[in-house]
Amino acid sequence: QVQLVESGGGLVQAGASLRLSCAATGGTFRNYNMGWFRQAPGKEREFVAGIGASGVKYYGDFMKDRFTISRDNAKSTVYLQMNSLKPEDTAVYYCAAGVRTSFTSNEYTDWGQGTQVTVSS
C-alpha cells in the first residue's frame, strides 16, 4: 500500500499552465503504475494519463496534446504537466497507484485526496 499526496492545483486563467505533483510514501514507488484522473462537479471520474513502472505513457482521449505525465522514481513522485488550460479542465485531479496499467479507476488500489484545478475564462 502506498500513500499519495497531490499538490500544485490552483486558480488560473485560460491558456495558462500548471504542473501537478503527487508524492508517494510507504511503498516501492518504482514498481507501481501511476495514473491521474479528474472529476468535475456532476460528472464521472475521468482518466487523464498514466505511466507504467517501465515508463510507458498513455493518455485519455483529448489529453495527449496538452498534458504530459512523467515520473521521478528517485523522488517517488509523479507529475502532470498541463498546458493551454481551458475552463473545461476545471476539476479535482486525483493521483492513483496500481499494479497494472489501466484506463479504468477500479484497477487502481491507492488514491490521493485530490487537488482542485480551476480555470477561468
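Observations on the model:
- For region 6-121, averaging the sequence separation of C-alpha pairs within contact (under 8 Å, six or more residues apart) and dividing by the residue count gives a relative contact order of 35 percent.
- Accessible surface of region 1-110, 1.4 Å probe: 46 percent of it comes from carbon and sulfur atoms.
- Those lysines that a straight Cα-Cα span of less than 21 Å connects to K43, excepting residues fewer than 8 apart in one chain: K64, K86
- Where GluC sites (Glu not before Pro) fall in DSSP loop in region 1-64, at most 15 other Cβ within 10 Å: E44
- Computed accessible area, R66, all protein chains, 1.4 angstrom probe, square angstrom: 40 Å²
- Using all pairs of distinct alpha-carbon atoms, the Kirkwood hydrodynamic radius of the chain works out to 14.0 angstrom.
- Using the Cβ-Cβ distance between T28 and F62 with R0 set to 22 Å, the FRET efficiency from 1/(1 + (r/R0)^6) comes to roughly 0.10.
- Theoretical FRET efficiency, 1/(1+(r/R0)^6), r = Cβ-Cβ of R19 and V99, R0 30 Å, to 0.05: 0.70
The values are calculated or read from the model by the stated rules, or taken from the named source; none is laboratory data. Nothing here was measured: the structure is a model prediction, and the numbers come from that model. Cβ sites come from the backbone with ideal geometry, for glycine too, and all protein chains shown count toward neighbours. Just the protein is used for accessible areas: all its heavy atoms, side chains included, with ligands, DNA and RNA removed. Shrake-Rupley method; radii C 1.70, N 1.55, O 1.52, S 1.80 Å.
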